[in-house]
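Read through the structure below, which is laid out as structure tokens, and then see the notes.
The values are calculated or read from the model by the stated rules, or taken from the named source; none is laboratory data. Note that this is a predicted model, so its numbers are computed, not measured. With ideal geometry, Cβ positions are generated from the backbone for all residues, glycine too; neighbour counts draw on all protein chains shown.
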Amino acid sequence: MTTAAAPVPHMPGPGRGSDYADLLRIVRQAGLLARRPTHYAVKGSMTLLAFAGVWVVFAWLGDTWWQLFVAAALAVVYTQVAFLGHDAGHRQILRTRRANDAVGIGLGGLVGMSFGWWVGKHNRHHANPNVEGADPDIDIAPLAFTPAQGRATQGFLRWMAKHQASLFFPLLFLEGFDLHWSGIKAVRRGGLRARWVEATLLTAHIVVYLAAVFLVLSPGKAVVFIVVHQGLWGFYMGCSFAPNHKGMLILSAAEELDFLRRQVLTSHDVLGGRGVDFALGGLNFQIEHHLFPSMPRPTLRRAQPLVQAFCAERGISYSHGGLLPSYGHILRYLDEIGASLRGEDALLRARRRQRPA
């Protein structure tokens, strides 16, 4: 992981409040905030065609173990559908919120997610990236992203936090199941703008999905198909979002940073070509996405050099690196937290042994 300039102090200096306005002016003049309806029409049509095509292949193959390859393909298609839902949630696709919400709710229904729940959670993340106690993306029970989070755990969760570097990627296989369950809990709890629409879509997804799998496959193959499909979908989704902020600067609620620095210093870009753009759904340009959430996905690559040059000019650290090194940085960071917990527990055990009987 590399940076383009030395990190700035946590406290913003005089005049820094206008930096974002300067960058926004540059981006607007380059026309990078204009919507790209043709791109999304083509992208959306191809993604939905692939979604339907995989299910056609599933029905054609019948009761065979070759269906596990279909499960893997379906995991990829599910993730690509979810990426489009992400873009709709940020109003990148259509002009109005209502139209984007309609697209997002429909796409969420295809993969069994609650769009309304996810948008609420994701908006909190964007407003408070890596802010302890405010960002839901660093409030994950099995993991500790700060020593304080680790010390607050007990029992099995503390054991997991101590070994979280080894458990991180295996845990991602559960992400797909968690997305389904979180959506179900959200519609049961209420508070969603289109609660009953989403409840209907989630119910329909579960019924149609399970009916299709168990009608085509024998019970044993069906269970394995579901585990492989949902596990790989969750793993793919987790691997797409993990490099964006994990291992980056963690802020407390009391720390004052202007919007530009708050978004840049807590985010990380993944380098690569068009293949990486496709595989990560544009999330590899996380810094640019956080600075301009409504910027259409296809223009993020053009914005990246402008933002990087601007940050270098203003002396703002700009973190970027390859995909595998980014994962390595995450694991090292998680292991540092886990090692501190293991050290604390070892010291506590040593003290207990030294106590007189």
Exercise for the section: Examine segment 274-291 for a residue that is farther than 16 Å from Val27 by Cβ and charged (D, E, K, R), and state whether such a residue exists. Expected result: yes
Handout entry: Cβ pairs under 6 Å, 6+ apart, first in segment 58-81 and in contact (Cβ under 8 Å) with a residue 40 or more places away in the chain and surrounded by fewer than 19 Cβ atoms within 10 Å (Cβ to Cβ), second in a loop (DSSP other than H, G, I, E, B) and not hydrophobic (A, V, I, L, M, F, W, C)
Key = Asp63/Ser218
Completion exercise
Considering residues that are more than 16 Å from Ile250 (Cβ to Cβ) and among the small types (Gly, Ala, Ser), the number found within segment 128-150 is 1
Practice task
Kindly indicate which of Ala52, Ala59 is of a type in the set (Gly, Ala, Ser), touching a helix residue (DSSP H, G or I) at 6+ places or on another chain (Cβ under 7 Å), at pLDDT 95 or above and closer than 30 Å to Ala211 by Cα.
Solution key: Ala59
Fill in the blank from the handout: From the option list Ala211, Ala204, single residue qualifying as aliphatic (A, V, I, L, M), surrounded by fewer than 17 Cβ atoms within 10 Å (Cβ to Cβ) and in contact (Cβ under 8 Å) with a residue 12 or more places away in the chain is Ala204
Exercise for the section: Count, please, the residues in segment 90-105 that happen to be surrounded by 16 or more Cβ atoms within 10 Å (Cβ to Cβ) and either touching a residue at least 12 places away in the same chain (Cβ under 8 Å) or touching a strand residue (DSSP E or B) at 6+ places or on another chain (Cβ under 9 Å) (or both). Expected result: 10
Problem - Counted residues, segment 289-304 - those being farther than 15 Å from Leu84 by Cα and within 15 Å of the chain's Cα centre (by Cα) - result: 1
Exercise for the section: Name every residue in segment 208-221 that is under 28 Å from the mean Cα position of the chain (by Cα) and either under 14 Å from Gly62 (Cα atoms) or not in a helix (DSSP H, G or I) (or both), in order of residue number. Expected result: Val213
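Table: residues versus (1) at pLDDT 95 or above; (2) under 30 Å from Val111 (Cα atoms); (3) within 18 Å of the chain's Cα centre (by Cα); (4) outside any helix (DSSP H, G or I).
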| residue | (1), (2), (3), (4) |
| --- | --- |
| Met237 | yes, yes, yes, no |
| Pro243 | no, yes, yes, no |
| Lys246 | no, yes, yes, yes |
| Leu257 | no, no, no, yes |
| Leu306 | yes, no, no, no |
| Cys311 | yes, no, no, no |
Practice task
Among what's in segment 41-54 and is surrounded by 15 or more Cβ atoms within 10 Å (Cβ to Cβ) and over 14 Å from Gly106 (Cβ atoms), pick the residue that is nearest to the chain's Cα centre (by Cα).
Solution key: Lys43
Handout entry: Test result for Gly282, closer than 21 Å to Lys246 by Cα and touching a helix residue (DSSP H, G or I) at 6+ places or on another chain (Cβ under 6 Å)
Key = yes
Practice task
Take segment 244-267 and flag every residue that is among the β-branched types (Val, Ile, Thr) and surrounded by fewer than 22 Cβ atoms within 10 Å (Cβ to Cβ).
Solution key: Ile250
Handout entry: Count - residues of segment 172-183 that are assigned to a helix (DSSP H, G or I) and surrounded by fewer than 18 Cβ atoms within 10 Å (Cβ to Cβ)
Key = 4
Exercise for the section: Pick out the one residue from Ala161, Ala165, Ala148 that is crowded, with 19+ Cβ neighbours inside 10 Å and within 30 Å of Ala346 (Cβ to Cβ). Expected result: Ala161
Practice task
Looking only at segment 267-282, decide whether some residue is in a helix (DSSP H, G or I), over 24 Å from the mean Cα position of the chain (by Cα) and farther than 22 Å from Asn100 by Cβ.
Solution key: no
